[in-house]
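The values are calculated or read from the model by the stated rules, or taken from the named source; none is laboratory data. Since the model is a prediction, treat every value here as computed from it, not as a measurement. Reconstructed Cβ throughout: ideal geometry from the backbone, glycine too, with neighbour counts over all protein chains shown. Ligands, DNA and RNA are excluded from the accessible area calculation, which covers all protein heavy atoms including side chains. Shrake-Rupley method; radii C 1.70, N 1.55, O 1.52, S 1.80 Å.
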Amino acid sequence: MLFSAFLQAIREIRRNLMRSMLTAMGIVIGIASVIAIVNIGKGASESITKSVSNLGSNILYLMPSQEHGPGGNSAFTKPFTMKDAEILKASVLSLEAISPVATASVMALYKDQNYQTSVRGVNNDYFAVQKWELKEGRFFEPSELRTGQNVCIVGQTVIGKLFPLGESPVGTKIRLQKFSCEVIGTLNTKGANTFGTDQDDLVVVPIKMFQRRISGNEDVPLMMTLVKEITPLEEAKVQIEQVLRERRHLKEKEENNFSIRSMTALLDTISNVTSMLTVMLSAVAAISLVVGGIGIMNIMLVSVTERTREIGIRMAVGAMAKDILIQFLIEATVLSALGGIIGLVLGIGITVAVAYGLDIAVIIDPAISVIALVFAMLIGIFFGLLPAKKASNMNPIDALRYE
Amino acid sequence: MIKLTQINKIYGSGGAATHVLKNIDLEIKQGEFVAIMGPSGSGKSTLLNILGALDEPSSGSYTFLDANINSFSKEQLALFRRYILGFIFQGFNLLKKTSALENVAMPLIYQGVGANERRERAQSALSSVGLESHINYNPNELSGGQQQRVAIARAIVTNPQVLIADEPTGNLDTQRSHEIMELIRSFNKNGITVIMVTHEEDIASFATRTIYLRDGVIERERTHAL
Ligand SMILES: Nc1ncnc2c1ncn2[C@@H]1O[C@H](COP(=O)(O)OP(=O)(O)OP(=O)(O)O)[C@@H](O)[C@H]1O
Ligand SMILES: [Mg+2]
């Protein structure tokens, strides 16, 4: 009986294929959006989490402002100095490495090749913080750092642009804007970071040289530190805070005019935002599912009216109210389940396409797929109930007389 | 087997009320073949619908064997129609866009008969009405007489104890009518009680008894010599 009701439902749906498909469209769109939103959200957080933890969860960023990003609002920002970095290194023992960081965009030239890239002034600790390794050559000598020699270590993207013939750049002199510097080393290829920036597109120079030749001042707009593995991040933060407050002559009640950020905090923020977005978008998608359900109810009501005579005939040969109820319920459920299956396939398709497009992990959560399908069927049952009840409450003689 | 006592059927109420059946007393024995005749609007279909448990009388009692049909619940009435009765409607009432075979097999679904057996029994019912070559035709592809025969096949596929037929030959020429009547007579010979409405005396002559209805009352009745 159930199986023949199922076959009957399939037949009714095929009989009005166009109408059935349009009716199921609401469910298709709802399920597809839920599937896509949840899966893409998961993929995005997974990718972000992975690359942020690659970046190092024990790195602290010290910024001379309360604003986000290095530099912040410069008018009210009192920059760090080289002295700050030295004192932190000497007094905070939980720091494995600390490097001032200053960045600018410059034109790099070699022979007749030129290329716009980013130049970064740092000290040798920077490589330890970033866990970057040399491909060729050497790091900076202490004397080079102290006096700010014109030496540089170059990333692979820049090498590719300036040395297209593949010759080794070590020992050559490249020009950065108006001055030249000797290439003493090259960095291993690192690829793009979490935020999509090419990490090989840079030239690293001693911070002293950066200040003298490029920025023209003694400011240190950012410091990066690597906290020793055994020290909790929070403890290092407190120690750094103490030193910096003193260095910046802050009175007891005054607020910090600098900030200490970690990647884990960033990670939390990002995953909070992602999950909030996922919840909100899913709620919107769920509303479209309800709208889809109402569409099914509407069409089923029309269908019940159209098939009044059929209902009468079935009752006349002995169908009970419950047989009619089940028939229409199954029809509504099959319709919405069909919409659910199409929506699922579509949603997975969208997930894969978007994941490739945004270069994030492709995650297809089987639990969400199952939940979505079950939910689609529940919607069919729920919104099919009213039409099915209407059909089963008919009395045979009236249904047979219906024109 | 069937006993109607003081059956009344009134449609509507107040000034608009029409009294269609008036104090009908009728007893039908098992194996009888009863024809009901009467002018149009005399209440023949109304009476059949009550006998077929499709409609309820306004008053009076209907007993089948020892069961009081008036007291049946909706479910019991459905079971009564499902297992005891076969009904041939005045206007065929076949399912549209559904093959003859599926139309005939449909009542068996509700008896819980399996798909293969349904098909076999529907096929043999269709061949007993001479439609074995049309089992896959939809009603709109069949002539009136062929549709009538599909409706007959559907009524007898469940092996009912009582066959109720509302003008089963209404759409047929004399030749076809007589074939159908022979068929119905053969069902009756096999023990099925038949109650049939007809306009025509020669069709009624296939029955063992004819009841004449006029303005909702049984005017007279006649028993045929076999
Ligand atoms: N649902 C209804 N509501 C009101 N009046 C009805 C209804 N059904 C039938 N009637 C009336 O009952 C009377 C008998 O109708 P019925 O269908 O029983 O006639 P009949 O004898 O079968 O006629 P025919 O030979 O034309 O089929 C008619 O006057 C008709 O108008
Ligand atoms: Mg009639």
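Table for the structure above
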item: From the options A:313, A:296, A:350, A:324, residue that is open to solvent by 20 Å² or more (accessible area, probe 1.4 Å), of a type outside the set (Asp, Glu) and at negative phi; result: A:350
item: Hits in region B:178-226 - residues which are away from ligand 1 (no atom under 16 Å from the Cβ) and under 15 Å from the mean Cα position of the chain (by Cα); result: B:180, B:181, B:183, B:184, B:185, B:187, B:188, B:192, B:193, B:194, B:207
item: Residue match in region B:115-133 (condition: within 16 Å of ligand 1 (Cβ to nearest atom) and touching a residue at least 12 places away in the same chain (Cβ under 8 Å)); result: no
item: Number of the condition not met by residue B:57 [criteria: (1) part of a loop (DSSP other than H, G, I, E, B); (2) surrounded by 21 or more Cβ atoms within 10 Å (Cβ to Cβ); (3) within 12 Å of ligand 1 (Cβ to nearest atom)]; result: (3)
item: Inter-residue pairs, beta-carbon under 6 Å, first open to solvent by 60 Å² or more (accessible area, probe 1.4 Å) and in region B:1-20, second acidic (Asp, Glu) and in a loop (DSSP other than H, G, I, E, B), 6+ apart; result: none
item: Elements of type strands (runs of 3 or more DSSP E) contained in region B:169-226, each with 2 or more residues being within 16 Å of ligand 2 (Cβ to nearest atom); result: B:193-197, B:209-214
item: Odd one out for residue A:243, checked against (1) open to solvent by 50 Å² or more (accessible area, probe 1.4 Å); (2) among the β-branched types (Val, Ile, Thr); (3) in contact (Cβ under 8 Å) with a residue 40 or more places away in the chain; result: (1)
item: Test: residue in region A:303-315 that is among the basic types (Lys, Arg) and in contact with a Ser or Thr (Cβ under 9 Å, 6 or more places away or on another chain); result: no
item: Test set (1) at pLDDT below 95; (2) farther than 15 Å from residue B:213 by Cα; (3) of a type outside the set (D, E, K, R) - residue B:33 fails condition number; result: (1)
item: Residue ranges of helices (runs of 4 or more DSSP H) in region A:289-403 with at least 1 members in contact (Cβ under 8 Å) with a residue 60 or more places away in the chain and within 21 Å of residue A:11 (Cα to Cα); result: A:308-316, A:321-358, A:366-392
item: Spans of helices (runs of 4 or more DSSP H) in region B:61-142 with at least 2 residues under 30 Å from residue B:8 (Cα atoms), in contact with a strand residue (DSSP E or B) (Cβ under 9 Å, 6 or more places away or on another chain) and within 11 Å of another protein chain (Cβ to nearest Cβ); result: B:74-83
item: Subset of region A:116-167 (residues that are more than 25 Å from residue A:222 (Cα to Cα) and touching a residue at least 12 places away in the same chain (Cβ under 8 Å)); result: A:135, A:136, A:137, A:159, A:161, A:162, A:163, A:164
item: Cβ-Cβ under 8 Å pairs, at least 6 apart or on other chains, region A:1-23 side away from every other protein chain (no Cβ under 12 Å), far side among the basic types (Lys, Arg) and in a helix (DSSP H, G or I); result: A:20/A:14
item: Residue check, residue B:26 within 14 Å of ligand 1 (Cβ to nearest atom) and modelled with pLDDT of 95 or more; result: no
item: Test for residue B:44: is it within 12 Å of ligand 1 (Cβ to nearest atom), in contact (Cβ under 8 Å) with a residue 24 or more places away in the chain and either facing chain A (nearest Cβ under 9 Å) or open to solvent by 10 Å² or more (accessible area, probe 1.4 Å) (or both); result: yes
item: Failed item in (1) closer than 23 Å to residue A:259 by Cα; (2) within 30 Å of the chain's Cα centre (by Cα), with residue A:117 passing the rest; result: (1)
item: Strands (runs of 3 or more DSSP E) wholly inside region A:171-239 containing at least 1 residues that are of a type in the set (D, E, K, R); result: A:173-176, A:179-187
item: Looking only at region A:138-196, and only at residues there that are basic (Lys, Arg) and at pLDDT 90 or above, the one that is nearest to residue A:214 (Cα to Cα); result: A:175
